[in-house]
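One structure is given below, encoded as structure tokens.
Every number here is computed from the coordinates shown, using simple stated rules; none is lab data. Quick caveat, the model's predicted, so the values are computed rather than measured. In this analysis, Cβ positions are derived from the backbone assuming ideal geometry, glycine residues included, and neighbour counts consider all displayed protein chains.
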Amino acid sequence: MTAPGPGVPEPAAASPVSNWNVANALTAVRLLLVPLFVWLLLVDGGDNPRYRLLAALAFAIAALTDRVDGELARRRGLVTDVGKIADPIADKALIGTALVGLSLLGELAWWVTVVVLVREIGITLLRLVVIRHGVMPAGRGGKAKTAFQVLAIVLYLLPLPSGLEPVAQVVMGIAVVLTVLTGIDYLVKAWRLTRNSPRAQARRAAKDAV
């Protein structure tokens, strides 16, 4: 590439993306909806059909912001490291709160909640540990896992007829399987990242030079 001629200004460098953008704001909204959702779910011990519908609606809106903020971040170039970390944390807070709430109400087996929470919290902590080597964005498997988790939780939240309860249970079963499989996949990715990142390669080069 030839240099610009005399009097022609150099092209301006791209300015860094501000963390104060609409995508990150939607992530914050998702976090703020969590306490409202919890209150709606637990009103009258979870036996009020009207509040259960409102809880399902609040949960669905919060989950929808996950899809919207991701699309906005990619289309408008608003992807930030803060967003990559805050977005999964907001997801875990929403999903985890819903599962714990359903288990407290005796509507979901505790082992399901424990398996999902251990995976979600573990992977979130893993992201923070390996962030020095790079950020691990959500892959297709992770998105499918989240989609099935959201669908299963919405089905459990809705006051469905007893004949449709097996449908919710099957969907939750698929969500749990995807949760475990994608957790294993993230462990493999983290191991590869810590082995092959520029930071890791620089460390190995420094050791070899000694």
Exercise for the section: At 7 Å along the Cα-to-beta-carbon direction for both Val170 and Val43, put a label point, then send me their distance in nm to one decimal. Expected result: 3.2 nm
Problem - From phi via Karplus (6.51, -1.76, 1.60), per-residue ³J(HN,Hα) for the range 157-166 in Hz, x at Gly/Pro - result: 6, 5, x, 7, x, 4, x, 9, 4, x
Handout entry: Full-stretch length increase - Val180, Ile131 - with 0.36 nm per residue and alpha-carbon distance subtracted
Key = 15.4 nm
Handout entry: Positive-pole candidate from Ala190, Gln169, Tyr156, dipole of the range 85-198, charges at beta carbon
Key = Ala190
Completion exercise
Plugging the Cβ-Cβ distance of Leu53 and Ala109 into 1/(1 + (r/R0)^6) at R0 = 22 Å yields, to the nearest 0.05, a FRET efficiency of 0.40
Fill in the blank from the handout: Ranked output for segments 125-132, 87-94 by mean other Cβ atoms within 10 Å, highest leading, reads 87-94, 125-132
Practice task
Go through 95-101, 39-45, 175-181 and give me the packing order, highest mean Cβ count within 10 Å leading.
Solution key: 95-101, 175-181, 39-45
Completion exercise
Diffing the range 51-65: the Karplus 3J(HN,Hα) column from phi (6.51, -1.76, 1.60, θ = phi - 60°), in whole Hz with x for Gly and Pro, holds 6, 5, 5, 5, 5, 4, 5, 4, 5, 4, 5, 4, 5, 5, 4
